[in-house]
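The values are calculated or read from the model by the stated rules, or taken from the named source; none is laboratory data. Bear in mind that the values here come from a model prediction, so they are computed numbers and not experimental data. Positions of Cβ are generated from backbone atoms using ideal geometry, with glycine treated the same way; all protein chains shown enter the neighbour counts. We work out accessible area using only protein heavy atoms, side chains counted, and drop any ligands, DNA or RNA first. Shrake-Rupley method; radii C 1.70, N 1.55, O 1.52, S 1.80 Å.
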Amino acid sequence: MEEVQELLNLLAKRKLSVAILTALHDGPLRYTTLQHVVSRVKDEPVHSRTLTDTLNYLSAQQLVEHQYHGADYRLTAGGQELVDLLTEIRRWERQHRVSGDQ
């Protein structure tokens, strides 16, 4: 259980992590497209340095890979599984929480 807590803490520290993973859920994206998608999700412009740092972090965690020949970013198998788990956590949250006050 400690490893799960560590992963959740690391994802929480990198605020763009979940947005990036979610954006890549439907398939690979080029850097600029990914930046636009994440900016829309976050409802604010995402700085290139922040996006690059977070992508490097997710790559080091083996959740995202960069395809140099296609110049795009995609989820690894582990990243895809993590997004599926995050989707399930969102479903659980909607089902079991009436409001954000609890």
Task: For the stretch 11-102, size of Cβ-based charge dipole, Lys and Arg +1, Asp and Glu -1, in debye - done: 200 debye
Open item on the list: Using a 1.4 Å probe on the protein heavy atoms, what percent of the accessible area of the stretch 4-96 belongs to carbon and sulfur?
Closed with: 52 percent
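Which FRET efficiency, nearest 0.05, do Arg30 and Met1 yield, Cβ-Cβ r, R0 25 Å?
The formula returns an efficiency of 0.10 here.
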- [ ] Note down the relative contact order for the chain as a percent, whole number, built from C-alpha pairs under 8 angstrom at least six residues apart.
- [x] 25 percent
Task: Ratio of the Cα radius of gyration of the stretch 1-54 to 2.2 N^0.38 Å, where N counts its residues - done: 1.20
Task: Per residue solvent-accessible surface (Å²) - the chain, probe of 1.4 Å - done: 70 Å²
- [ ] Please work out the FRET efficiency for the pair Leu85 and Arg40, using the Cβ-Cβ distance as r and a Förster radius of 30 Å; give the result to the nearest 0.05.
- [x] 0.80
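Any chance you could list the semi-axes, whole Å, largest first, of the equivalent ellipsoid that the Cα gyration tensor gives for the chain, using √(5λ)?
Here the semi-axes work out to 24, 16, 13 Å.
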